[in-house]
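To start, the structure itself, in structure tokens.
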Amino acid sequence: EAVVNRIAAGEIIHRPANALKELIENSLDAKSTNIQVSVKEGGLKLLQIQDNGHGIKLGDMAIVCERFTTSKLRSFDDLSSMSTYGFRGEALASISHVAHVTITTKTKDSNCAYKASYSDGVIIPAKPGAAAEPKPCAGNNGTQISAEDLFYNVPTRRKALKNATEEYNRILDIVNRYAIHNEGVSFTCRKIGSNTPEVHTTTTATVLDNIRQIYGSSVANELLSLEKSYPVYQLKIKGWISNANYNVKKFAFLLFINHRSVDSPAIRKAIEAVHFINEEEIIATICDAIQDRLGNANVSRNFLTQTLLPQVSVKSWSEEASSKKSTP
Ligand code: ADP
Ligand code: MG
């Protein structure tokens with residue numbers, strides 16, 4: 001049973017950054033407005049997230065790491081949407097099968113926080129012989145989740161991930177994406193032991209402010225805003241695109257669908273393949289790619305996307321677009 005679960009976990013959690021994406025989405029689902037990520041050895045030694053969301057009720061603590069345990073209401077539409085995981089109550093379970101998980105959480109109605117450690121989906125006693133139940137402790141409203149020694153029990157996977165710097169860069173990339181997309185939520189990401197966070201956004205910043213904070217003014221000042229609704233498809237597209245004439249050092253392609261960060265090579269390729277670009281054409285390309293990706297699935301297409309699109313090679317772009325350029 002444990003082995004089967006460990007294999008299943010490996011399918012979802014390939015590396016620290018995947019685990020972090022799930023944890024961030026949970027914090028956002030819990031309506032957090034402040035999310036702090038701390039990392040040791042690229043998240044392999046420790047991956048920790050602290051939020052100020054609604055917390056987990058004491059009565060739910062025993063089961064949150066069980067497979068298919070979810071407190072989130074959803075419909076068939078949600079399940080068949082593009083979000084692969086994160087809707088099925090599998091994330092925490094998966095992480096607890098491949099790491100030592102500790103959750104400290106406090107709801108606003110509770111006088112104190114509660115803390116529990118988990119292994120293979122269940123609470124483990126704090127000391128040998130002690131009861132396997134959450135322990136009351138001090139803490140602020142919200143939830144802190146720590147995943148330690150990721151893949152301690154999957155030696156082949158652990159060995160494949162020996163470059164902590166690379167894992168840290170992937171973590172930064174995930175935090176950057178969510179930090180840019182989520183207006184009204186402040187994010188920090190730091191290595192444990194370092195005082196200055198590498199990502200730091202504020203609750204009052206707009207998406208454009210966040211882009212400026214993370215990619216710099218030189219990128220942010222050149223962005224063109226795209227926005228379009230397709231009522232027929234219940235599709236709404238919103239985003240920013242950089243001017244090809246500008247030499248953007250860091251190539252970025254951020255795509256969110258229904259507020260979930262989505263890695264879609266199909267959509268990315270489709271956008272990169274467009275050469276004569278005007279706003280209409282970019283939007284049409286994105287819509288086509290999203291619809292392709294959805295296939296013939298009979299689902300309502302209630303999407304809101306927020307994209308920071310890659311630089312595209314267009315010569316006449318700046319003249320055409322200059323009137324619509326964002327004001328810094
Ligand atoms: P899912 O997100 O699909 O429900 P998860 O395994 O990611 O499944 O999480 C299981 C449950 O644990 C969630 O439904 C939620 O009730 C609770 N939970 C997880 N993380 C948090 C958090 N940061 N704040 C509040 N509740 C959380
Ligand atoms: Mg989740």
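Miscellaneous remarks
- Restricting attention to region 213-225, the residues that are of a type outside the set (Phe, Trp, Tyr) and within 10 Å of Ile180 (Cβ to Cβ) total 2.
- The set of residues from region 172-192 being surrounded by fewer than 23 Cβ atoms within 10 Å (Cβ to Cβ) and either in a loop (DSSP other than H, G, I, E, B) or touching a Gly at 6+ places or on another chain (Cβ under 8 Å) (or both) comprises Glu183, Gly184, Ile192.
Every residue, every condition in (1) among the aromatic types (Phe, Trp, Tyr); (2) within 16 Å of ligand 2 (Cβ to nearest atom); (3) under 22 Å from Ala91 (Cα atoms), yes or no:
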residue: Glu133; (1), (2), (3): no, no, yes
residue: Cys137; (1), (2), (3): no, no, no
residue: Ile145; (1), (2), (3): no, yes, yes
residue: Pro155; (1), (2), (3): no, no, yes
residue: Lys159; (1), (2), (3): no, no, no
residue: Ala164; (1), (2), (3): no, no, no
residue: Asn169; (1), (2), (3): no, no, yes
residue: Val175; (1), (2), (3): no, no, yes
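- Those residues of region 28-39 which are assigned to a strand (DSSP E or B) and surrounded by 17 or more Cβ atoms within 10 Å (Cβ to Cβ), in sequence order: Ile35, Gln36, Val37, Ser38, Val39
- Residue in region 97-105 that is of a type in the set (S, T, N, Q) and in contact (Cβ under 8 Å) with a residue 60 or more places away in the chain present: no
- Search result, residues across region 108-138 that are modelled with pLDDT of 95 or more and buried (at least 18 other Cβ atoms within 10 Å of the Cβ): Ala113, Tyr114, Lys115, Ala116, Ser117, Tyr118, Ile123, Pro134
- The residue list Asn195, Asn169, Asn221 contains one member that is under 29 Å from Ala30 (Cα atoms), polar (S, T, N, Q) and modelled with pLDDT under 90, which is Asn195.
- Residue check for Thr196: over 20 Å from the mean Cα position of the chain (by Cα) and not assigned by TED's automatic domain parsing to the domain that holds Ala252: yes
- Looking across region 61-87 at every residue that is modelled with pLDDT of 65 or more and more than 13 Å from Asp29 (Cβ to Cβ), the one that is farthest from ligand 1 (Cβ to nearest atom) is identified as Ala62.
- Some residue of region 45-54 being modelled with pLDDT of 90 or more, more than 8 Å from ligand 1 (Cβ to nearest atom) and crowded, with 23+ Cβ neighbours inside 10 Å: yes
- Across region 28-57, the qualifying residues are those that are of a type in the set (Gly, Ala, Ser) and more than 16 Å from ligand 2 (Cβ to nearest atom), and the one among them that is nearest to Asn169 (Cα to Cα) is Gly42.
The values are calculated or read from the model by the stated rules, or taken from the named source; none is laboratory data. In this text, all values refer to a predicted model and were calculated from it rather than measured experimentally. For neighbour counting, all protein chains shown are included, and Cβ atoms are generated from backbone atoms with ideal geometry for every residue, glycine included.
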